[in-house]
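**Student:** Before I ask anything, here is the structure I am working with.
The values are calculated or read from the model by the stated rules, or taken from the named source; none is laboratory data. Note that the structure is a prediction, hence the values are computed from the model and not measured. Using ideal geometry, Cβ is built from the backbone for each residue, glycine included, and neighbour counts are taken over all protein chains shown. Keep in mind that these areas ignore ligands, DNA and RNA; they rest on the heavy atoms of the full protein, side chains included. Shrake-Rupley method; radii C 1.70, N 1.55, O 1.52, S 1.80 Å.
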Amino acid sequence: MSDKRMQDLEKELEKVKTERDELQQLFSMSIDLVCVAEIETSEFVRLNQAASTILGYEAEEMVGQSFFDFIHPDDVQTTRTIVRAALKKGEKIVNFRNRYICKDGTCRWLSWSAQADEKRRFVYAMARDITEHKRNEDLLNSRHQLMNTLLDNLQVGIFMADAPSGRALLANKKAKELLGRTDMPGEESIFLSEFYQVFQSGTGNLYPEEQLPISKGLKGQSHHVDDMIVRRPDGREVFLEVFGSPVKDGAGQVTASLVSFSDITQRKKDEAAISRLSREWQTTFNAINAAIWVLDEKQMITRSNKMAETLFNLPEDEMIGRHCWEIVHNTLEPIPECPVLRAKKTKKRESMEIRMGEACFEVTVDPVFEKDGAFKQAVHIIADITERKKKEEQIRRREEEYRLLVENQTDLVVKIDTDGRFEFVSPSYCAMFGKTQEELIGEPFMPMVHPDDRQTTEQVMKNLFEPPYTAYIEQRAMTAEGWKWLAWVDIAVLDANNEVKAVIGVGRDINDLKAMQKELRHAHKLESVGVLAGGIAHDFNNILSIILGNSELALDEEITPLTEESLEEIKAASLRAKDIIKQLLSFSRKADQEIQPLDIRPIVKESVKLIRASLPSNISIQNRIHEFQKAVLADATQIHQVIMNLCSNAADAMPAGGRLEIEVEQVS
């Protein structure tokens, strides 16, 4: 070998030594962990000083040990999988992360770059300690996740666009929901209007892009709108209230535009409803036929309707701000009986009546209080009640007239409810039954009805609940003087549904009428008897005439004393029979009346003899006929009839028997 060649080799060798020294120097001084390991055994062959610095082991403690012994158990399988997959793909350099267990038991995150030398069967690897980086990364991811959770749970939509490009940076869940989309604009999209339509409320016009809050924010301007209508892809329109503002860095440069928006569709509907109700309220307020003011806590007018303007001949603006008493009473302070002052104390509605000219008005005040009880305001109403007052006066007069009529009439007036209890009784009714109104009101009337008449009365009352809702009944009732016959005309009082709610009855005492009817029936009986007696008397009188005539003819003949005596008796008996027939004819009113002076004593005696046969055996007759000289100017037949009637009536009054006394004496 020539010297030159030798020199070249020495120089090459020196260069290699230098490079090796440099590599050794780099290997020793590197802050990253550098190691060499066998492919087959996975054992470390060589490690630099950084391995001790990072993991706490001396190099001698790790050399000859499998690097899998130092990997965190949870990362062993992941590391194997990554390495095998890379080798299978033929990748020269494999990058991965895992945790190594330090000598003190802690773990460090290492980021590896490894290369295998198949020929030499070694793996050359370098790892950097990324524990702090990983911790910061996890913290950042945690915060990012927290921010995303917060954004997705906000009830307002959030959208951010990059400045100046307008590229979409973020959109939360609510933003996608409100806009009706599951995706956001592409990176080149600047305006939200590129994927939904935005209109101005009330105009129907598209919102100019340059006026959108997102556009204003890109220009460094804050902007707020509450009249934006968004038409979603599904066609539904929603009202949005949008706040936009720029996002600036520390140097004051705009880096993004941030907008937040919320659905105010319901609020807009409510505002529209409130506006409509307000208009309707104002229309109603002005249509009310009464002057209405709303007063504040100082009794100053804050609102007034049209009727108030008409009543006081003042426009609304001249009444607002003035005290109510200034306009109503033309005074400098409220009057003592002011209903507002009283309402403040009683905390309830108060009213009073006032006159203005010939008209009469009712002032009503309804107070409104705070939760703490402090007086807040009042509704002051002035209603014209002139016509009502006139009608009330008419009703009062009619009621007075009706009261006088009821109280001063002799007929009985009552009002009973559907249960048969008194609601009203007239003074005449109270007088007849000897009770006061207080004793009768609320009590049932049926116990006062005679037991024999109650069933009929109940049926009549039942009939009053059906058309024609009227009835007539005669019944006996227990009055202060005993049982009396009363006649009632009843009429049902109907409500708006044609249901009976009460019964009004007008009654009259018919006790005397009933007695007269009884006497009339008796008179008819006597008249019938008289007609019969008259017919018999005529026939009998004809027979007596024959007997009397023949007896007188026989007396004119020559007869024995005994026969004469017998004929005289026949004549006398015939004459007495003739007198009786004359009385029967008088009783039957067939004989002519003859007024003449009479001694009534024999007529009475003869009448008693005649009546005796018609009286029951349990009635005895006692005569006391005194002596007197005066005569009576009368018809004998009529006297006879009077005595017969008196005796007959007296007998009817003694159904159980008794003594009939007849006395005749001179009284003057």
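**Student:** I'm trying to understand the selection: among the residues of segment 358-407, which are within 27 Å of Arg342 (Cβ to Cβ) and among the hydroxyl-bearing types (Ser, Thr, Tyr)?
**Tutor:** Thr364, Thr386
**Student:** Just give me the residues in segment 364-395 being in a loop (DSSP other than H, G, I, E, B) and in contact with a strand residue (DSSP E or B) (Cβ under 6 Å, 6 or more places away or on another chain), in sequence order. Steps first, please.
**Tutor:** Of the residues in segment 364-395, the ones in a loop (DSSP other than H, G, I, E, B) are 370-374, 385.
Result: Glu370, Ile385.
**Student:** So, in segment 498-513, of the ones that are touching a residue at least 24 places away in the same chain (Cβ under 8 Å) and charged (D, E, K, R), which residue ends up farthest from Phe422 (Cα to Cα)?
**Tutor:** So in segment 498-513, the residues touching a residue at least 24 places away in the same chain (Cβ under 8 Å) come out as 500-511, 513.
Right, trim to charged (D, E, K, R) and you get 501, 508-509.
On the way: Lys501: 13, Arg508: 18, Asp509: 19 Å.
Applying the filter and picking the extreme gives Asp509.
**Student:** Oh, and also: I want to confirm something. Restricting to segment 446-504 and keeping residues that are β-branched (Val, Ile, Thr) and touching a Leu at 6+ places or on another chain (Cβ under 7 Å), which single residue is most open to solvent (accessible area, probe 1.4 Å)? Outline the logic, then answer.
**Tutor:** Restricting attention to segment 446-504, the residues satisfying the condition of being β-branched (Val, Ile, Thr) are 449, 456-457, 460, 470, 473, 479, 489, 491, 493, 500, 503-504.
Subsequent filtering for residues that are touching a Leu at 6+ places or on another chain (Cβ under 7 Å) retains 500, 503.
Values: Val500: 23, Val503: 7 Å².
Only one residue tops the list, namely Val500.
**Student:** Filter segment 604-627 for residues that are under 15 Å from Asn645 (Cβ atoms) and touching a residue at least 40 places away in the same chain (Cβ under 8 Å) and give the result. Break it down into steps so the answer makes sense when it comes.
**Tutor:** Our first condition is that a residue be under 15 Å from Asn645 (Cβ atoms); within segment 604-627, this holds for 604, 607-608, 610-611, 614-615.
Within segment 604-627, Val604, Ser607, Val608, Leu615 qualify.
**Student:** What do you reckon, is Lys298 open to solvent by 80 Å² or more (accessible area, probe 1.4 Å) and under 30 Å from Glu333 (Cα atoms)? Lay out the reasoning, then the answer.
**Tutor:** Details: open to solvent by 80 Å² or more (accessible area, probe 1.4 Å): yes; under 30 Å from Glu333 (Cα atoms): yes.
Yes; evaluated as a whole, the condition is true for this residue.
**Student:** Kindly provide the set of residues from segment 610-628 that are under 25 Å from Val667 (Cβ atoms) and among the basic types (Lys, Arg), ordered by number.
**Tutor:** Hit for segment 610-628 is Arg624, nothing else.
**Student:** A further question on this structure: I'd like the full set of residues that are within 46 Å of the chain's Cα centre (by Cα) and charged (D, E, K, R), limited to segment 209-230. Talk me through it step by step, then tell me what you get.
**Tutor:** The initial filter retains those residues of segment 209-230 that are within 46 Å of the chain's Cα centre (by Cα), namely 224-230.
Correct list: Asp226, Asp227.
**Student:** Also: So which residues in segment 424-440 are of a type outside the set (Ser, Thr, Tyr) and either more than 39 Å from the chain's Cα centre (by Cα) or loosely packed, with under 14 Cβ neighbours inside 10 Å (or both)?
**Tutor:** Pass one, segment 424-440, residues of a type outside the set (Ser, Thr, Tyr): 424-425, 427, 430-435, 437-440.
Scanning segment 424-440 gives Pro427, Cys430, Ala431, Met432, Phe433, Gly434, Lys435, Gln437, Glu438, Glu439.
**Student:** Given Lys484, Lys518, which one is within 30 Å of Cys647 (Cβ to Cβ) and either modelled with pLDDT of 90 or more or among the β-branched types (Val, Ile, Thr) (or both)?
**Tutor:** Working: Lys518 fails: either modelled with pLDDT of 90 or more or among the β-branched types (Val, Ile, Thr) (or both).
Unique residue meeting the criteria: Lys484.
**Student:** List the strands (runs of 3 or more DSSP E) that sit entirely inside segment 245-353 and contain at least 3 residues that are over 30 Å from the mean Cα position of the chain (by Cα). Spell out how you get there, then give the answer.
**Tutor:** Values: elements: 254-263, 291-295, 301-304.
Counting at least 3 such residues, we get 254-263, 301-304.
**Student:** Scan segment 241-257 residue by residue and report those that are touching a Phe, Trp or Tyr at 6+ places or on another chain (Cβ under 8 Å) and either surrounded by fewer than 19 Cβ atoms within 10 Å (Cβ to Cβ) or modelled with pLDDT under 90 (or both).
**Tutor:** So the first thing to find is which residues in segment 241-257 are touching a Phe, Trp or Tyr at 6+ places or on another chain (Cβ under 8 Å), and the list is 241-243.
Within segment 241-257, Glu241, Phe243 meet the criteria.
**Student:** Every residue in segment 568-607 that is part of a helix (DSSP H, G or I), under 19 Å from Gln638 (Cβ atoms) and either modelled with pLDDT under 80 or touching a Lys or Arg at 6+ places or on another chain (Cβ under 9 Å) (or both), please. Spell out the reasoning first.
**Tutor:** Quick first cut of segment 568-607, residues part of a helix (DSSP H, G or I) only: 568-587, 600-607.
From what's left, under 19 Å from Gln638 (Cβ atoms): 579-587, 600-607.
Within segment 568-607, Asp579, Ile580, Ile581, Lys582, Gln583, Leu584, Leu585, Ser586, Phe587, Glu606, Ser607 qualify.
**Student:** Being closer than 23 Å to Gly321 by Cβ and of a type in the set (A, V, I, L, M) is the filter here, so list the residues in segment 341-387 that pass it.
**Tutor:** Scanning segment 341-387 gives Leu341, Ala343, Ile354, Met356, Val363, Val365, Val368, Ala374, Ala378, Val379, Ile381, Ile382.
**Student:** Within segment 343-359, is there a residue that is at pLDDT 90 or above, of a type in the set (Gly, Ala, Ser) and touching a Pro at 6+ places or on another chain (Cβ under 7 Å)?
**Tutor:** Checked against the condition, which is being at pLDDT 90 or above, of a type in the set (Gly, Ala, Ser) and touching a Pro at 6+ places or on another chain (Cβ under 7 Å), segment 343-359 yields at least one hit.
Per-residue answers, yes or no, for (1) open to solvent by 50 Å² or more (accessible area, probe 1.4 Å); (2) farther than 20 Å from Thr41 by Cβ:
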{"position": "Phe70", "(1), (2)": "no, no"}
{"position": "Thr78", "(1), (2)": "yes, yes"}
{"position": "Arg84", "(1), (2)": "yes, no"}
{"position": "Val94", "(1), (2)": "no, no"}
{"position": "Arg97", "(1), (2)": "yes, yes"}
{"position": "Gly105", "(1), (2)": "yes, yes"}
{"position": "Arg108", "(1), (2)": "yes, yes"}
{"position": "Ala116", "(1), (2)": "no, no"}
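**Student:** Assuming Ser42 fulfils every condition listed in (1) open to solvent by 40 Å² or more (accessible area, probe 1.4 Å); (2) at positive phi apart from one, which condition is it?
**Tutor:** (1)
**Student:** With the condition being within 23 Å of Lys518 (Cβ to Cβ), I'd like the strands (runs of 3 or more DSSP E) fully within segment 618-668 carrying at least 2 qualifying residues.
**Tutor:** Numbers: elements: 619-625, 632-635, 658-664.
Fully inside segment 618-668 and qualifying: 658-664.
**Student:** Looking at Val156, Val123, can you tell me which residue is open to solvent by less than 70 Å² (accessible area, probe 1.4 Å), under 30 Å from Val254 (Cβ atoms), modelled with pLDDT of 85 or more and aliphatic (A, V, I, L, M)?
**Tutor:** On the way: Val123 fails: under 30 Å from Val254 (Cβ atoms).
The unique qualifying residue is Val156.
**Student:** Here's something else I'd like to know. State whether one or more residues within segment 276-289 are in contact (Cβ under 8 Å) with a residue 60 or more places away in the chain and in contact with a Leu (Cβ under 9 Å, 6 or more places away or on another chain). Write out each step before concluding.
**Tutor:** Our first condition is that a residue be in contact (Cβ under 8 Å) with a residue 60 or more places away in the chain; within segment 276-289, this holds for 289.
Still in the running and in contact with a Leu (Cβ under 9 Å, 6 or more places away or on another chain): none.
Within segment 276-289 (the criterion being in contact (Cβ under 8 Å) with a residue 60 or more places away in the chain and in contact with a Leu (Cβ under 9 Å, 6 or more places away or on another chain)), the answer is no, since none of the residues qualifies.
**Student:** Moving on to the next point. Within segment 116-153, can you find the residues that are touching a strand residue (DSSP E or B) at 6+ places or on another chain (Cβ under 8 Å) and either of a type in the set (Val, Ile, Thr) or closer than 30 Å to Thr182 by Cβ (or both)?
**Tutor:** Matches in segment 116-153: Val123, Ile130, Thr131, Leu151.
**Student:** Report yes if some residue within segment 176-195 is under 53 Å from the mean Cα position of the chain (by Cα), at pLDDT 80 or above and among the charged types (D, E, K, R); otherwise report no.
**Tutor:** So far as segment 176-195 goes, yes, one or more of its residues are under 53 Å from the mean Cα position of the chain (by Cα), at pLDDT 80 or above and among the charged types (D, E, K, R).
**Student:** Would it be correct to say that Leu544 is touching a Leu at 6+ places or on another chain (Cβ under 7 Å), modelled with pLDDT of 75 or more and of a type outside the set (Ser, Thr, Tyr)? Please lay out each step first, then the result.
**Tutor:** Details: touching a Leu at 6+ places or on another chain (Cβ under 7 Å): no; modelled with pLDDT of 75 or more: yes; of a type outside the set (Ser, Thr, Tyr): yes.
So Leu544 does not fit the description; no.
**Student:** Right, next: Somewhere in segment 335-353, is a residue in contact with a strand residue (DSSP E or B) (Cβ under 7 Å, 6 or more places away or on another chain), in contact (Cβ under 8 Å) with a residue 24 or more places away in the chain and within 15 Å of Lys389 (Cβ to Cβ)?
**Tutor:** yes
**Student:** Among (1) open to solvent by 80 Å² or more (accessible area, probe 1.4 Å); (2) under 19 Å from Ile39 (Cβ atoms), where does Glu132 come up short?
**Tutor:** Here Glu132 meets the rest and fails (2).
**Student:** Here's a follow-up. When the residues of segment 396-423 are narrowed to those that are modelled with pLDDT of 90 or more and more than 17 Å from Ala477 (Cα to Cα), which ends up surrounded by the fewest Cβ atoms within 10 Å (Cβ to Cβ)?
**Tutor:** Only one residue tops the list, namely Asp419.
**Student:** Suppose we filter Asp652, Asp635 for residues that are in contact (Cβ under 8 Å) with a residue 12 or more places away in the chain, open to solvent by less than 40 Å² (accessible area, probe 1.4 Å) and among the charged types (D, E, K, R); which single one remains?
**Tutor:** Working: Asp652 fails: open to solvent by less than 40 Å² (accessible area, probe 1.4 Å).
None of the other options fit; the residue is Asp635.
**Student:** Do any residues in segment 160-181 that are more than 20 Å from Glu209 (Cβ to Cβ) have Cβ atoms under 8 Å from those of residues that are among the β-branched types (Val, Ile, Thr) and part of a loop (DSSP other than H, G, I, E, B), where the two are at least six apart or on different chains, and which pairs are they?
**Tutor:** Lys174/Val156; Lys176/Thr182
**Student:** Just wondering, is there one or more residues in segment 423-446 that are in contact (Cβ under 8 Å) with a residue 24 or more places away in the chain, part of a loop (DSSP other than H, G, I, E, B) and over 23 Å from Ile510 (Cβ atoms)?
**Tutor:** no
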